[in-house]
Amino acid sequence: MSFAALRDRLPVLPSDGDALEPWPRVGRGGVSFSDDLTLAGGERLGVRVRITDRADGGYEIDLRDCDVDPSGRFGLLPPRALVASVLALGHALGRPVHAGWAAAIELLTLPDTFIGSDEPDDLAAVALGMGRIYDAVLGALANAWPGRVGAGSCSVGTIVELRDGDRLVLTEVLPGGEGGHPDRPGASAWSGPILPSSWPDAPTIDGLLVEGERRAGSGGVGKHGGGDGITRRYSFTRRMLACLAFDRVRNPPHGLDRAGPPRGTEVLLQRSEDERPRAVEPWSIVELPAGARLTVHTCGGAGWGFPGYGEIEWDPSEWFGSKKDS
């Protein structure tokens, strides 16, 4: 896997922007958050962040407790992790970011973790690594400011690369759902700041039918529900090869204040001779003969806020007796 078409899509911070306004404090002792990335074979790569206030009004973002990746799939240079952190902070504060924000952040990393090690040639792994740093930083800020920051989002959905031999046919970045916010539900088919998505445009390609719709009901339940992911179907009339980069299968984003998680990512393959579709594991390369169908369901966003108990009929006399009984 290389996903070379992503090279010009990875995020960079604009050089200019508005004057930097004071940032709110995260509070004494700082805030933490833990998340993970799925490795091939089902192992998990821990992503752990701690954010503390600096005396100059900026933040220290400590990523030194992240795991070492024994597989070598994930590696992220500190400047990439810093960009992801700034994007998360901008999303939390609802402000446009620029390169000047990075100067107010001290990023702590260790070279023997996956952050600080050499980056792989697989640009999808770089994108998902940046996405998980974004998620972890946003999760920590939500712990600091729960009435201001939204719940966990599917910041990078699924990346699909289709090939016909050595020829690249299509690279699609499929969006997931945004987490619910204190003042609104999460957006469905949310592209997020890490990788732009071409959704909902369906490409026209010889030998391939591409269809899609919103994955209704995939967002997490909450006072403000998470946004839905999407469903993308690829039907093949000639042989192709698919490289699939995705996560959030069994580790969906976190809800806030007793709100629910979304439905996780699900990728299904059905060949013409199969009675039923079979699940495809993350980071797979699959052969797609004529007659095959590949279906991608991306993860939704988590809910924000306790949704309430609903309609409850409760007769106190059934528990405590009536006054006539006393």
Just to be sure I understand, how many residues within region 15-72 are outside any loop (DSSP other than H, G, I, E, B) and among the charged types (D, E, K, R)? 8
Which residues, taken from region 39-65, are touching a helix residue (DSSP H, G or I) at 6+ places or on another chain (Cβ under 9 Å) and either of a type outside the set (A, V, I, L, M) or assigned by TED's automatic domain parsing to the domain that holds Ala279 (or both)? Arg48, Arg50, Arg54, Asp56, Gly57, Gly58, Tyr59
Condition (residue is crowded, with 18+ Cβ neighbours inside 10 Å, in contact with a helix residue (DSSP H, G or I) (Cβ under 7 Å, 6 or more places away or on another chain) and in contact (Cβ under 8 Å) with a residue 40 or more places away in the chain) applied to region 172-188: is it met by at least one residue? no
Hey, can you tell me all the residues within region 260-297 that are among the charged types (D, E, K, R), within 23 Å of Ala189 (Cβ to Cβ) and in a loop (DSSP other than H, G, I, E, B)? Arg263
May I ask you to verify whether Glu106 is closer than 22 Å to Leu82 by Cβ and in a strand (DSSP E or B)? yes
Being surrounded by 15 or more Cβ atoms within 10 Å (Cβ to Cβ) and not assigned by TED's automatic domain parsing to the domain that holds Pro196 narrows Ser85, Ser15 down to just Ser85
Would you mention how many residues in region 109-155 are in a helix (DSSP H, G or I) and not aromatic (Phe, Trp, Tyr)? 21
Out of the residues in region 110-119 that are touching a residue at least 40 places away in the same chain (Cβ under 8 Å) and surrounded by fewer than 20 Cβ atoms within 10 Å (Cβ to Cβ), which is nearest to Ile159 (Cα to Cα)? Glu119
When only residues in region 252-281 that are small (Gly, Ala, Ser) and buried (at least 16 other Cβ atoms within 10 Å of the Cβ) count, which is nearest to Leu37 (Cα to Cα)? Gly264
Among strands (runs of 3 or more DSSP E) completely within region 191-251, the ones holding 1 or more residues that are within 17 Å of the chain's Cα centre (by Cα) and surrounded by 23 or more Cβ atoms within 10 Å (Cβ to Cβ) are 230-236, 240-246
State whether one or more residues within region 84-97 are at pLDDT below 95, touching a strand residue (DSSP E or B) at 6+ places or on another chain (Cβ under 9 Å) and not in a loop (DSSP other than H, G, I, E, B). no
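The values are calculated or read from the model by the stated rules, or taken from the named source; none is laboratory data. No experiment lies behind these values; they were computed from the predicted model shown. Positions of Cβ are backbone-derived with ideal geometry, glycine not excepted, and every protein chain shown enters the neighbour counts.
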